[in-house]
Every structure is written in structure tokens, then in C-alpha cells.
Amino acid sequence: MNILINLDLAAAIDPIDGILIDIARRIQVPKTKHVEAADHFIGLCAHVDRKGSPLEGKVVENYPSGSFSIGAAIYSRVKTMQHDVDVVVEVDISVGTDPEWVLDKLYDAVKGDPGSRYYDYKITRNSRCVTVTYPDGVSVDLMPVARIPGGPERSGVLFHHNAKRDEKYGKEVNPKAFTLHFNVHIKASDVFAARYRTRRLLADGLLQERAETQPMPDHVPIEEKSPRLVAIQLIKRFRDVQYRKREGRCPPSVVIAAVALDAGPMNDSLCDELIAIAVHMQQEIEAAERNSHTLVVPNPAHPADIFTDRWPENRSSQKLWRDDLARLVRHLRTLRGSSLDPQQLMSILRELFGDTPAERAVEDHYRGQGTLAKQNMLGVTRQGAVRAAVATPAVSTSLIIPARANTDMGGFIEDPID
């Protein structure tokens, strides 16, 4: 059995879009990790509500929030396959309960007694959540929330306590409403799906890379995602790379997602989507700057829930991110408007998305063109150094490659990605 890949369709994919697709698929949290996340989520929630727990009988409901709930989860550390899971723990207590007491009780409920399930795990009591870090580096943030009696559906109060800053208060939130709002307004694109599948077939066939593992059924496979959602994931990756060695808070993922909803009509081009979101967010910050204010982004489904209550801390922090976004747009436009010089391409992609994803994406691109896999006319070392490239010979309009025994089988990319 063979698979026929139409290289006319492959050629129709803008080279930069193809490379961005390659980077995006490498930062996805795969099915195996989704399954693990579900296991962590279920286990922790049952543990918090166990018999003898300080919160026994007080846990009303638990549900994932944040990036997992909207399909935008990515690896925070790709090389070590680390990611974060956000969980809302709705507790049956008064919204006026002392935040310090709530967070302390949740910490005690997770920690348990010596010998209990999570006692020896790294458990951190933060200002708004309790974080459980698993041996593999994956972390789960448990955020206690109390429902607002008679309030809007699923609205609640988040408990904040920071002893070092002498801060203690409740904050009105509605993460469930934002999840529902976001998922309704982000639509998939048949054109983007066709481009992704073509790109993946080329990678599977020409590069002999194991098939990418897809998310579990209650999460959306990347080829069925909206290009806007994938662009959000790439901007999050860009943010993570820029803030690795910086002090202070980085722009929250929920702020990026909320701003992206208003970035104009969706494009089928991933590069155009990245530019549209980055430009729109940059413009929102510049508007705040003109009024000498910090950026304010409310939950579009519950305006009393302000996503930007802790970032930006000041105008300097928002200007730093504005300048990052301007640089992202400038680099993308440079790549879109010029021939793909390998060294320039590698340098820019490393700066934007990190070393290894950039190196592998550039390697995949030139192999897909046939310059490495077929003619060995371009060299990309395992460290990512690009040797001189010469003109790419013409490629036939289609290529026959052997089919895999099961292209839906779970797999992994051979080399770890940072």
C-alpha cells in the first residue's frame, strides 16, 4: 500500500507557513501527556475530597481551566516534555472566607499525612493556588473558588493571600464562562487542516519521523484546530522563550487568548494570524500608553473578571512586551518578504521560538524540498548549523512513499526539543 502525496498541493503552502506549522506541532502536548494530565487531575481531585481531608465534603466540583480547557496547551519545556495543568476546585464555603485559611486548608488537603499519596511530592502553597509538581516535572495548579450566591452562572470568588506583600482579598472570576465563550468563537479552517495534513505526510514520508501522537478525544487534534488557536500557541512559545531569563511576571496566557479573539477576521495563513494577533495586542498596549495607563483586559464573558490584575505590573512591563511583539512582527514580515536564506532563517527562528524547534523546522523544510534527503545539497548538522545551500533542483509533481502500518499509533519525535 502506498500514499500519494501531491507536491503541487505541498508547493502551494507558503514556506513560512509550512515552517511555522512544523514548529507548532513540536510544541503540542501529545495524547500520552493528555492522558497523564487527566490521570493527575482525577487523582488529585479525589485526594482533596477524600475521607479525613480538611476539605472532606466541601468540594463541589472540579474542572480544568486555562490552556487545557481551550485546546491551547503547549510544552513549557519541550526537551523535558513538561507542561502545566490548571484546575479549578469549587469549594462549598462562603465567598467571605479568610483567603489564608482557604489556601492553607487546600495545601493541607493535598499534602496529607506522612505516607499519604502526595506527601513526598513537591507541593507549593502559592498566593492563589496550590501547585503539585510530579517527578517528571509536570505541574498541576489547584485554584480554590467559592461560588457567588445568586451571581452569574459559574461565577465565583478566587482567594488571594500573599504574606510577603501583606495582600489578602477575594477576586471575582469566571473561568468556565471564558472557556465556553472562547471555544464558541474560535472556528476550525478546512484550508488550514489540508495544509497541516500535507505537511505532516511530507514529514512522515520524507523524514522517516515517527507519527505525531494526537491528543485524547476530548481535546482537538492540531489539524482540526483553528489557525488562530495554533497562532496563540506559537505566541505563547515566543513569550516563554523571551521571558526565560527575565525577572517579573510574563503576559498571562489567558490575556493573549482574550486579546486574540478581537484580532479581526481569521486568516487561513498561520503567519498572517501570528502577525494579526501580535499587531492587535501591540496596538492595545499603545492605546493604554497614550492614556498613561496599564493595559486592561476583562473576561469577555464576565467583565468583572479582570485578566490583567497582576500583569502588567507597570507601564515598563507592558512596553517590554509591546517591543517583543513589534520584533516578532518585524521578523515574520522579513521572512515573508524575502527568499529563505538558511542562515538568516535559522537565526530568526531561534530567536523567536528557541534553538531546537527552529533547527528541526529548518532541517525539515530543506529535507522536504529534496535538497538534503534527495540531493544532499544542503547540510544541517545535528547541532543545527547550516552549511551553504545551492539552488534546489526541480521536484516532480508527486511522490510515492510507503505507508506506515498504522499512522494513528502513538509515537514521539526522536530528539528532545528545548
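Under the rule a/c < 1.5 gives rounded, and otherwise a/b versus b/c splits prolate from oblate, where does region 81-125 land using the Cα gyration tensor? Spell out each step's value before the answer.
On the way: a/c = 2.49, a/b = 1.39, b/c = 1.79.
Oblate, because a/c is 1.5 or more while a/b does not exceed b/c.
As a length-normalised measure over Cα pairs under 8 Å and 6 or more apart, the relative contact order of region 31-173 settles at 21 percent. Footprinting exposure proxy ranking of PHE68, PHE159, fewest other C-beta atoms within 10 angstrom first, gives PHE68, PHE159. The coefficient of translational diffusion for region 245-371, derived via Stokes-Einstein from the alpha carbon Kirkwood radius under 25 °C and 0.890 mPa s, stands at 150 µm²/s. Here the label points at LYS164 and ASP262, each 7 Å from Cα along the C-beta direction, are separated by 3.3 nm in the simple model.
Computed from backbone phi, the HN-Hα couplings of region 289-302 come to 4, 4, 9, 6, 10, 8, 4, 10, 10, x, 5, x, 9, 7 Hz, rounded to whole numbers (Karplus: 6.51 cos²θ - 1.76 cosθ + 1.60, θ = phi - 60°; Gly and Pro given as x). Per-residue Karplus couplings for region 88-103, computed as 6.51 cos²θ - 1.76 cosθ + 1.60 with θ equal to phi - 60°, are listed in order as 8, 10, 7, 10, 8, 9, 5, 5, x, 5, 4, x, 4, 5, 4, 5 Hz, Gly and Pro entered as x.
Can you sort ASP49, ASP39 from fewest to most other Cβ atoms within 10 Å of each residue's own Cβ?
On the way: ASP49 18, ASP39 10.
So the ranking, lowest neighbour count to highest, is ASP39, ASP49.
Remark: LYS176, LYS122, LYS245 ranked as LYS245, LYS122, LYS176, counting other beta-carbon atoms within 10 Å and listing the fewest first.
Out of all Cα-Cα pairs in region 31-173, roughly what percent, to the nearest whole number, are more than 27 Å apart?
Numbers: 2048 of 10153 pairs.
Value for region 31-173: 20 percent of Cα pairs lie more than 27 Å apart.
Within the same chain, lysines fewer than 8 places from LYS33 are excluded, and of the rest, those with a Cα less than 26 Å from its Cα are LYS79, LYS111, LYS122, LYS176, LYS187, LYS225, LYS236. So if we plug the beta-carbon distance of ASN291 and GLU313 into 1/(1 + (r/R0)^6) with R0 = 25 Å, what FRET efficiency do we get, rounded to 0.05? Between ASN291 and GLU313 the formula returns 0.90.
We did not get these values from a lab; they are worked out from the coordinates using the rules stated. Quick caveat: nothing in here was measured; it's all calculated off a predicted structure. Cβ atoms come from the backbone with ideal geometry, glycine included; neighbour counts cover every protein chain shown.
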